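Undergrad: First the structure, then my questions, so here it is.
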Amino acid sequence: MKTVREAQDAILERVGQLSGEVGIEEVAIGESLGRVLAEDISSNRNHPPYDISAMDGYALLYDDIKNATKDEPVLLDVIDDIRAGTMPNAVVSTGKVSRIMTGAPTPEGCDTVIRVEDTSGTDNGEKVKILLPPKKGSNIRSMGENLRAGEQVLSAGTTIGTGEVGILAMVKRAMVPVYKRPRVAILSTGDELEAIDEPFDINKIPDANSYSIMAEMQAIGVEPTLLGIARDTQEELLEKLREGMDYDVLIVSGGVAVGHHDFVRPSLKEIGVEMHFWRVALRPGHPFAFGTASDDRSGEGRSGGTIVFGLPGNPVSSMVCTSQFIVPAIRKMEGHAALFRATYKARLTAPVKDRMGRLHFMRVTVGKGADGAVEVTSTGPQGSGILMSMVEADGLMVVPAEADALEAGAEVTVQSLDPYGFQPETGF
Ligand code: AMP
Ligand code: MG
């Protein structure tokens, strides 16, 4: 049986970025947040385009005012009024200053801007009293201090965050080249399942997995197609699985264990999907399967065919396996460098017992101790069918496979359940 790390490696080495010309698309800047930039971006201008004032105040010569005090202010003539968006009309020289607004170009001759709070205007604004000297050169933002024309400002492979969106706007990229996102289909399987739009039947089990996995996909920007529910017969499974072969990624939940009616793996084999492994040493979720279809049915020039994940049906198992295995694979296809959910260190408040042999993702709440340290506490029963534990939890405490217990006070690794935070390494 593979460890979690081995299973992740086996998946990631078979999953390619959807790159090359066919893997790139242009999206409107308003749709670009969270996408991965597919080209280097250079600045088409200097920003600011000239030296500008950082304050509302007066542009002047430092030597004129270096000895100013409240008791002995320096009195100067105001010769111009420069607003943001207008150009200076006058050159500053000894004894003369220009009133200037934040963002306005500084006039020729000046070497310093003093903020209006350190002055007092007189004579209807025709003169100004300087009450204390700023440092020489203060309050001037130099041309190009933010962006320089022709210089690269963002590089291909960058995940577009909020700051990047602002920079794209500054360099006037209304359309942004990004890597394509995979098309993902989700299929639930099981005779006992009741679809959300089917009449309520007390003897049935509501299909939660289609939706919790859908939500995991939506959090990483993928809008999946729900293929519905396949009953536990080979005919129905084959039909639905064939439908799934039209997608880049097919996620099947349920039916991958060793039960008499677990037809998912044999059916996948029958339609030509090569299964690479189907059990992983983790809890919850060890009957997790991974396969690839060898040919490219998408017609879009991808190097491989559909990538298939078989999730255990238990609702917590399917969510945990999705975030450990499927989310990193999809992020790699999208060109991200940070593939894994963020982790952090915390202190355990109360002891927990565990069975050895598998890496355990234990649901925990997160708080702060009296000393300010981050503390975690188990949510209680950890059954893989107790989906409410995912609701209560703030994180997944990663209990090593070789541990049979953890003491109160132990330093532990916690994987965040924040669906937006990622890091390049697993962190455990
Ligand atoms: P399986 O992996 O098919 O053996 O299913 C394991 C457990 O998960 C069973 O108790 C199923 O009823 C339950 N289960 C399977 N699929 C789903 C689903 N889509 N939503 C909620 N529970 C499910
Ligand atoms: Mg089943």
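Undergrad: Of Val113, Ser253, Phe263, which is farthest towards the positive pole of the chain's charge dipole, taken about the Cα centre with +1 and -1 on the beta-carbons of Lys, Arg and Asp, Glu respectively?
TA: Value computed over the given set: Val113.
Undergrad: Further question: Tell me, what is the per residue accessible area of the range 52-141 in Å², probe radius 1.4 Å?
TA: Heavy-atom accessible area per residue stands at 53 Å².
Undergrad: So, taking all protein chains as they sit and a 1.4 Å probe, how much accessible area belongs to Glu126, in Å² rounded to tens?
TA: Counting only protein heavy atoms, the figure is 120 Å².
Undergrad: Further question on the same structure: Charges on Cβ only, +1 for Lys and Arg, -1 for Asp and Glu, centred on the Cα centroid of the range 341-423; of Thr365, Gln423, Gly380, which one is farthest towards the dipole's positive end?
TA: Toward the positive end, the furthest listed residue is Gln423.
Undergrad: Can I ask one more? Binning every alpha carbon pair distance of the range 236-362 at 5 Å from zero, what are the percents per bin?
TA: All Cα pairs, binned at 5 Å, distribute as 2, 10, 18, 20, 19, 13, 8, 5, 3, 2, 0 percent.
Undergrad: What is the diffusion coefficient of the range 331-411 in µm²/s, taking the Kirkwood radius over Cα pairs and the Stokes-Einstein relation at 20 °C with a viscosity of 1.002 mPa s?
TA: Rounded to a whole number, D works out at 154 µm²/s.
Undergrad: Still on this structure: Give me the one-decimal Kirkwood hydrodynamic radius in Å for the chain, with the sum taken over alpha-carbon pairs.
TA: One over the average 1/r among Cα pairs gives 25.9 Å for the chain.
Undergrad: Moving on to the next point. Distance between Cα centroids, the range 83-129 to the range 153-210: provide it in whole Å.
TA: So the two Cα centres are separated by 53 Å.
Undergrad: Quick one: which of 257-266, 419-428 comes out on top by average Cβ neighbours within 10 Å, and what's the full order, highest first?
TA: 257-266, 419-428
Undergrad: Pull up the DSSP beta bridges for the chain and report the antiparallel fraction as a percent, rounded to 5.
TA: 70 percent
Undergrad: Rounded to the nearest 10 Å², what accessible area does Leu339 show when all protein chains are kept and the probe is 1.4 Å?
TA: So the heavy atoms of Leu339 present about 20 Å² to solvent.
Undergrad: About its Cα centre, how strong a charge dipole does the chain have in debye, to the nearest 20, once Lys and Arg get +1 and Asp and Glu get -1 at the Cβ? It would help to have the intermediate numbers written out before the result.
TA: Values: 42 positive and 61 negative charges, 156 e Å.
Result for the chain is approximately 760 debye, rounded to the nearest 20.
Undergrad: Taking the Cα centre of the range 54-184 as origin and charging only Cβ (+1 Lys, Arg; -1 Asp, Glu), how large is the dipole, in debye to the nearest 20? Could you put the intermediate results ahead of the total?
TA: Working: 17 positive and 17 negative charges, 223 e Å.
With only Lys, Arg, Asp and Glu charged at Cβ, the dipole is about 1060 debye.
Undergrad: How would Phe309, Phe200 rank on accessible area, largest to smallest, probe 1.4 Å?
TA: From most accessible down to least: Phe200, Phe309.
Undergrad: Let me ask you something else. Can you pull the one-decimal nm distance between simple spin-label points at Ala403 and Tyr211, each 7 Å off the Cα toward Cβ?
TA: Those two pseudo-labels are separated by 3.4 nm.
Undergrad: Could you compute the FRET efficiency for Ala337 and His261, with r as their C-beta to C-beta distance and R0 at 41 Å, rounded to 0.05?
TA: On the way: r = 42 Å, r/R0 = 1.02.
After rounding to 0.05, the efficiency reads 0.50.
Undergrad: Send over the semi-axes of the range 99-153's equivalent ellipsoid, whole angstrom and largest first, taken as the square roots of 5 times the C-alpha gyration tensor eigenvalues.
TA: 29, 12, 9
Undergrad: Could you work out how far the C-alpha centroid of the range 236-256 sits from that of the range 24-82, in angstrom?
TA: So the separation of the two Cα centres works out to 56 Å.
Undergrad: Note down the net charge around Val414, summing +1 for each Lys or Arg and -1 for each Asp or Glu among other residues with Cβ under 9 Å from its Cβ.
TA: Local charge sum for Val414: 0.
Undergrad: Sticking with this one: Given 0.36 nm per residue, what is the gain on full extension from Asp371 to Glu39 after removing their alpha carbon distance, in nm?
TA: Working it through step by step, the gained length comes to 114.9 nm.
The values are calculated or read from the model by the stated rules, or taken from the named source; none is laboratory data. Keep in mind it's a predicted model, so treat the numbers as computed, not measured. With ideal geometry, Cβ positions are generated from the backbone for all residues, glycine too; neighbour counts draw on all protein chains shown. Keep in mind that these areas ignore ligands, DNA and RNA; they rest on the heavy atoms of the full protein, side chains included. Shrake-Rupley method; radii C 1.70, N 1.55, O 1.52, S 1.80 Å.
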